[in-house]
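Below is one structure, written out as structure tokens; comments come after it.
The values are calculated or read from the model by the stated rules, or taken from the named source; none is laboratory data. Given the structure is predicted, the values throughout are model-derived calculations rather than measurements. In this analysis, Cβ positions are derived from the backbone assuming ideal geometry, glycine residues included, and neighbour counts consider all displayed protein chains. Side chains are part of the model used for accessible areas, which takes the heavy atoms of the whole protein and leaves out ligands, DNA and RNA. Shrake-Rupley method; radii C 1.70, N 1.55, O 1.52, S 1.80 Å.
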Amino acid sequence: MALSTHTTSTGFLLPSIHSAPPFFTQQPNPATEAIVIEQWTKLILSYARHRNLFYLRVEDAETGGDWDEVLRNDRINRRLPPTHLSSILAGMVAKNVATYEPAKQTRSVLLYWRLPEEWAEVLHQWASTTGQMNTIMTFYEITDPPVNSPLTNIPLPLLRKAITILAKSNRAQIIAIADGEGVRFFTPAK
Amino acid sequence: MHRRGVGLAAFDRKQTTKRFEELSNSISQSQVTHLNNQLTQFRTALTHFASTHRDKIKSDPSFRHAFQQMCTSIGVDPLAGPRKGGWWAELLGLGDWQYELGVQIVDVCVSTRERNGGLIEMAELIRMVSKLRGVSGGSITEDDIVQSIKTLEPLGAGYQVVDISGRKMVRSVVKELDDDQTTILGLAQEHGGRVVEDMLIQRRQWSRERARTALENMLLRDGLCWLDDQDEEYGRAYWVTSAMKWEA
């Protein structure tokens, strides 16, 4: 009856702790629960990176969807209850690996499986290698390019954060354009 | 011709003692010197043997065990001596080896303590220590762990090898498992880690209150188990982490 890892149908390797029934229960012992939250945090971020998912909502624990492979384990008949997930999300926000998005609510978070600072570098790099420096681009062109990039489908709040970070180091500038928001990337003068 | 009695009747206790005393007095200084020389020669030979086979002692657990057995049988304690780790340790560099292993054991115990409450199964400890050491570490046996834990005693941190219903565990917190907890642990080991109140009531004839108190203490006070509140049978089950089997 050894607890083992398991590879899901989307090719994600679940850790052996995910096969342990108590892993899904919110632990009354605070020291134990701290470990549980830490493990769930790692698992959630890892899965999000694997599937390129950005949002996690408390209700994802109930409805079927993108997060099913992780939030439930049908082999042992366990699921993560919404209350427990809510507590885990709070933990992640406190650790700055997620943020409540939209602001001023606590049911939905934007996940930072890549930190905003890292996204900024990825963004700048992509603009550079695709020869789009010094040209004005719409946000849409970034999130929905003809060729898939690491930035494909990045949520706008996260994109804005990344651009703001680049602006601080003089590597991007937000431009007001006709239908919305645009941005221009450049290499800072040496 | 001397007429000394031959045969049992002639044995006079006092006389015998006296005769032995005379004998020992007559062992001359030269004989004592000779004996010392023999011992020195022997020690030199043993030293030579040890340093020649130092690498093998470090890398081969069965050879190491045989070497330690030999030391014990001739009355040489590999860890004794005025210097840290002993004279042997210095000679073989075994002191460092033992020390390194000790540090690794502490490392594993401390990092898993929150998960298992300071009690880890010997096999699991060996597995994790081996992982830490990597391929170049050579294989580590239970015997090595036991020896190493002996050297941790002066630390006063309470590292001890304990036996719970036939399974060797290493305890790294200064807390005695009370009898009830030992019973629960034994039961947990039989069922892959899972224990419920009813098991204790039916199989050990405990009262429900005793079962509940013991389990709740393990859970809340001592952090030795995890709670599963989605248990199909009883709604509430306790999983003793140190008794659960994890695949690598």
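Structure values in brief
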read-out	value
Crossing angle, helix A:116-129 versus chain A [Cα axis fit, 0-90 degrees, rounded to tens]	50 degrees
Solvent-accessible area per residue, Å², over segment A:37-159 with all protein chains present [probe radius 1.4 Å]	48 Å²
Simple label model, 7 Å out from Cα along Cβ direction - B:GLU247 to A:SER169, nm	4.2 nm
Share of alpha-carbon pairs per 5 Å distance bin for segment A:26-71, given as whole %	5, 20, 25, 22, 16, 9, 2
GNM top mover of A:LEU45, A:LEU151, A:LEU71 - chain A, alpha-carbon springs below 10 Å	A:LEU151
Cα pair distances exceeding 21 angstrom across chain A, given as percent	56 percent
Extension gain from A:ASN96 to A:ALA176, taking 0.36 nm per residue of separation minus the Cα-Cα distance	25.8 nm
Computed FRET value (nearest 0.05) for B:PHE49 with B:LYS150, which takes r as the C-beta separation and R₀ as 30 Å	0.80
Distant-in-sequence amide H partners of A:HIS6 (H built 1.01 Å from N, under 5 Å)	A:LEU14
Value of [θ]222 nm, deg cm²/dmol, for chain A, DSSP H segments ≥ 4, -39500 (n - 2.57) each, nearest 500	-11500 deg cm²/dmol
Pairwise label distance in nanometres, A:VAL147 with B:SER130, each label 7 Å out on the Cα-Cβ vector	4.8 nm
Cα extents of segment A:108-162 along the three principal axes, largest first (Å)	34, 18, 18
Buried area at the B-A interface (accessible, heavy atoms, 1.4 Å probe, summed, Å²)	2000 Å²
Set of segment B:177-209 residues, backbone N closer than 14 Å to the point 7 Å along the Cα-Cβ line of B:GLU142	none
Within segment A:4-44: backbone nitrogen closer than 17 Å to the B:SER111 label point (7 Å, Cα to C-beta)	A:16-17, A:35-36, A:38-39, A:42
Relative contact order, percent, chain A [alpha-carbon distance under 8 Å, six or more residues apart]	15 percent
Cα-Cα P(r), segment B:179-243, percent of pairs per 10 Å interval	24, 63, 13
Label point distance in nm, A:GLU38-A:THR130, each placed 7 Å from Cα along Cα→Cβ	3.9 nm
